[in-house]
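A.B. asks: Take this structure, written in structure tokens, and hold onto it; I'll ask about it next.
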Amino acid sequence: MRMGDWYDRNAFWLLPSGAVIFILMLMIYPLGYTIYNSFTDWSLTHGDKVNFVGFRNYLDIFFRDDRFWGSVGRTIYFTGLAMVVEVILGVLIAVLFDAKDFSGKRVARSIMLMAMMATPVAVAMVWLLIFEPTAGVLNYLFKSSGLEALLGGKQLWITDSSSVIPSLVLIDIWEWTPLIALIVIAGLATLSREPYESAMVDGATPFQIFFRITLPMIAPTIGVAALLRLIDCLKTFDIIYVMTMGGPGYSSETLNIYTYQMSFQYFNFGYASALLVVFLCLVLGISLLVTYLRRGLEL
Amino acid sequence: MAKVELKNIEKIYEGNVRAVSNANVVIEDREFVVFVGPSGCGKSTTLRMIAGLEEISSGDLMIDEVLVNNLPPKDRNIAMVFQNYALYPHMSVYENMAFGLRIRKIPNDEIDRRVQDAARILSIQEYLRRKPRALSGGQRQRVAVGRAIVRNPKVFLFDEPLSNLDAKLRVQMRTEIAKLHNRLNATMIYVTHDQVEAMTMGDKIVVMKDGLIQQIGSPLLLYDHPCNRFVAGFIGSPPMNFLEGRLREEDGSLLVEGEGFKFVTADIHRDDLGKAPSPNVIVGIRPEHLRIAGSEEGESILNAHITVIEELGAEAHMYMSRRADDTENLISRVEQRHDYHIGESARFIPDMEHVRYFDADSGRALLGVIGPIRMSSRRSALSQDE
């Protein structure tokens, strides 16, 4: 009886304590350790003692490292392009799915899921074959459809520094647009029909209904989907790593790839930790900004 | 303002599901007509067909003598107030009301004048800048009504607009919509499942059941002269009491008797009851027409025991049963103070001139239906007399 009382009084912290310990071990500790490392010159390339260097790594990153700024630019380019296209396409697909009842709608929705279910490395391998400039499927299709002549020759896709990021974005769009579409389809399904009917009675055209009623009403859902993609795009690693390793040159080296190179190619753990902390702040900052903007717009 | 005519309107959904059959109604200019009936009776479908939100399977819908079957909602010059308000959540109250006018490219100063006017009528001036989510249910419904008013339509359509409000607010809004009708002098068509709303608001009531119009008439006409057992039971609260009985002649009088009662029919009903297709009838007595006999003797008496007494102050509702197992709920509305208790047996005297009779098989009224209605030759529906 007494034991039961003690349990009732303390269950509120006892029950979640397992999860709390788990989170502490797997999230808080690595984060703290990374922040600590970022203030050291820990490197495996020399056998020297690890020294505390204060903010030197950060100062180097911000004021002496052009490669860092280049990777930041490419991260923003990749993320911006992928997100904008994915959101527009995703919303269009969702609206088409919502508006029309056609046979095979469920099957089509399941097929959309398949791209997301594939493992990124497998996706990357398949797209490597597709993008291959001489024997790839895409250039074959371009050639046979006459597009190649129109574009003035063979496309180099990921082997050319100017087209590598748009090519990688294309894969991201292929893989992740369905996610936006599915989230927006779910959002559309929760909307009441009455405002639409009311707008019809009010005299609105389908075009006006879409832009003045539907879009503002699903804006919060689109916002959530976009935020998810934003965070994911900023962090994209696997596809780029498998397909280009950041190349040609540094032309597809995003911040994540650069950090990876710094730690596991150059074994410069102190500097790489500082890069990771900067990266974390960047992702956190952009996410908070988007969330704040969403609230500000009262969406 | 406008006259709306439904001529043989039918709605048949896929799989030959008939939602509305052969609806004939004439809604005069500036009339307030209420469609009432239980869930699934076709009243909302009828309203949506008038609005243009539902295709008409067959029949003609005329607004101001113009056939509008194939006109889209926006070209019918109607405005509709929905059950769930249907406000645009991302727009302010002002923009919600102005939306329909902006779509029609009405100049801004005219929009402002109309929105302010409507806001004044509905006492929502102070909420114009708010978003709908910052309003209570009653305020939202006012905005929905306001959105209809600013359009200045020929016909107002209301689809159960008060269903989501609490009881007190419902009564208040009921009065306000009735006032609005007097003020705007507009043709209004109102759909509800609540017969009290129908009785209190409508100039004319259309009672529907299973997609068929049962009866059309003024509230009191339906109350006093229901055309069948369904209308009799649906209109009126507390509802009419029904007793199964059998007609027979005795000593020159026409009696109706059944379990626990024996009534002598009123002389004015004799001719009609004489034409009854079968002696098996349902006797319908409104609760206010069944009074406690006390020591009074009468030739028409109902014996029952009291199961529940609801004291309402000015009156009491006495629930009773003729059977020992209390399986029925007959109700008497007793206005005088009484000294009865639950479980006691009592004798009740009906006001025989107000008793209604229905055929036990078809449920049709056996007394001549008075007023601008007639029995339809097709089905059991009644339609309006020209």
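The values are calculated or read from the model by the stated rules, or taken from the named source; none is laboratory data. All of these numbers come straight from a predicted model, not from anything done at the bench. Reconstructed Cβ throughout: ideal geometry from the backbone, glycine too, with neighbour counts over all protein chains shown.
A.B. asks: Among (1) farther than 22 Å from residue A:193 by Cβ; (2) more than 23 Å from the chain's Cα centre (by Cα), there is one condition residue B:13 misses while meeting the rest; what is its number?
C.D. replies: Evaluating residue B:13 over (1) farther than 22 Å from residue A:193 by Cβ; (2) more than 23 Å from the chain's Cα centre (by Cα) leaves (1) as the failure.
A.B. asks: Would a scan of the range A:72-82 turn up a residue that is within 15 Å of residue A:277 (Cβ to Cβ) and modelled with pLDDT of 90 or more? Explain how you work it out, then say what you get.
C.D. replies: Looking only at the range A:72-82, we keep the residues that are within 15 Å of residue A:277 (Cβ to Cβ), and these are A:72.
Then keep just the ones that are modelled with pLDDT of 90 or more; that gives A:72.
So far as the range A:72-82 goes, yes, one or more of its residues are within 15 Å of residue A:277 (Cβ to Cβ) and modelled with pLDDT of 90 or more.
A.B. asks: When the range A:31-42 is examined, which residues are found to be modelled with pLDDT of 90 or more and assigned to a loop (DSSP other than H, G, I, E, B)?
C.D. replies: A:38, A:39
A.B. asks: Continuing with the same structure: Can you find, within the range B:65-87, the residue that is nearest to the other protein chains (Cβ to nearest Cβ) among those that are farther than 25 Å from residue B:192 by Cβ and assigned to a loop (DSSP other than H, G, I, E, B)?
C.D. replies: Residue satisfying both the conditions and the ranking: B:72.
A.B. asks: Looking at B:126, B:110 in this structure, which one is over 23 Å from residue B:176 (Cα atoms), more than 9 Å from chain A (Cβ to nearest Cβ) and surrounded by fewer than 19 Cβ atoms within 10 Å (Cβ to Cβ)?
C.D. replies: Values: B:126 fails: over 23 Å from residue B:176 (Cα atoms).
Matching residue, one of B:126, B:110: B:110.
A.B. asks: Next question, about the same structure. Exactly one condition in (1) crowded, with 19+ Cβ neighbours inside 10 Å; (2) touching a Leu at 6+ places or on another chain (Cβ under 6 Å) is false for residue A:290; which is it?
C.D. replies: The failed condition is (1).
A.B. asks: Could you pull out the residue among B:105, B:131 that is in contact with a Pro (Cβ under 9 Å, 6 or more places away or on another chain) and surrounded by fewer than 21 Cβ atoms within 10 Å (Cβ to Cβ)?
C.D. replies: After applying the criteria, what remains is B:131.
A.B. asks: Can you find a residue that is surrounded by 22 or more Cβ atoms within 10 Å (Cβ to Cβ), in a loop (DSSP other than H, G, I, E, B) and touching a residue at least 24 places away in the same chain (Cβ under 8 Å) anywhere in the range B:18-26?
C.D. replies: Looking for residues that are surrounded by 22 or more Cβ atoms within 10 Å (Cβ to Cβ), in a loop (DSSP other than H, G, I, E, B) and touching a residue at least 24 places away in the same chain (Cβ under 8 Å), one finds none in the range B:18-26, hence no.
Conditions (1) in contact with a strand residue (DSSP E or B) (Cβ under 9 Å, 6 or more places away or on another chain); (2) at pLDDT 90 or above; (3) on the phi > 0 side of the Ramachandran plot, marked per residue:
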{"site": "A:192", "(1), (2), (3)": "no, no, no"}
{"site": "A:203", "(1), (2), (3)": "no, no, yes"}
{"site": "A:218", "(1), (2), (3)": "no, no, no"}
{"site": "A:225", "(1), (2), (3)": "no, no, no"}
{"site": "A:233", "(1), (2), (3)": "no, yes, no"}
{"site": "A:243", "(1), (2), (3)": "no, no, no"}
{"site": "A:248", "(1), (2), (3)": "no, no, no"}
{"site": "A:257", "(1), (2), (3)": "no, yes, no"}
{"site": "A:263", "(1), (2), (3)": "no, no, no"}
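A.B. asks: Does at least one position in the range B:201-224 carry a residue that is in contact (Cβ under 8 Å) with a residue 12 or more places away in the chain, of a type in the set (Lys, Arg) and out of contact with any Phe, Trp or Tyr (no Cβ under 6 Å at 6 or more places or on another chain)?
C.D. replies: Within the range B:201-224, one or more residues are in contact (Cβ under 8 Å) with a residue 12 or more places away in the chain, of a type in the set (Lys, Arg) and out of contact with any Phe, Trp or Tyr (no Cβ under 6 Å at 6 or more places or on another chain).
A.B. asks: List the helices (runs of 4 or more DSSP H) inside the range A:190-299, counting only whole elements, that have at least 2 residues being farther than 22 Å from residue A:178 by Cβ and more than 14 Å from chain B (Cβ to nearest Cβ).
C.D. replies: A:255-260, A:269-296
A.B. asks: Still on this structure: Kindly evaluate residue B:244 against the criterion of being farther than 12 Å from residue B:366 by Cβ, in a strand (DSSP E or B) and without any contact (Cβ under 8 Å) to a residue 24 or more places away in the chain.
C.D. replies: Details: farther than 12 Å from residue B:366 by Cβ: yes; in a strand (DSSP E or B): yes; without any contact (Cβ under 8 Å) to a residue 24 or more places away in the chain: no.
So residue B:244 fails the test.
A.B. asks: In the set A:23, A:28, which member is outside any loop (DSSP other than H, G, I, E, B) and exposed (fewer than 12 other Cβ atoms within 10 Å of the Cβ)?
C.D. replies: When all the criteria are applied, what remains is A:28.
A.B. asks: Right, something else. From B:152, B:96, grab the single residue that is crowded, with 20+ Cβ neighbours inside 10 Å, within 14 Å of chain A (Cβ to nearest Cβ) and either without any contact (Cβ under 8 Å) to a residue 60 or more places away in the chain or of a type in the set (S, T, N, Q) (or both).
C.D. replies: That would be B:96, the only listed residue that is crowded, with 20+ Cβ neighbours inside 10 Å, within 14 Å of chain A (Cβ to nearest Cβ) and either without any contact (Cβ under 8 Å) to a residue 60 or more places away in the chain or of a type in the set (S, T, N, Q) (or both).
A.B. asks: Which residue pairs have Cβ atoms closer than 9 Å, lie 6 or more positions apart in sequence or on different chains, and pair a first residue in the range A:63-84 that is on the phi > 0 side of the Ramachandran plot with a second residue that is surrounded by 15 or more Cβ atoms within 10 Å (Cβ to Cβ) and among the charged types (D, E, K, R)?
C.D. replies: Partner pairs satisfying both residue conditions: none exist.
A.B. asks: I'd like the full set of residues that are modelled with pLDDT of 90 or more and assigned to a loop (DSSP other than H, G, I, E, B), limited to the range B:162-201.
C.D. replies: B:193, B:194
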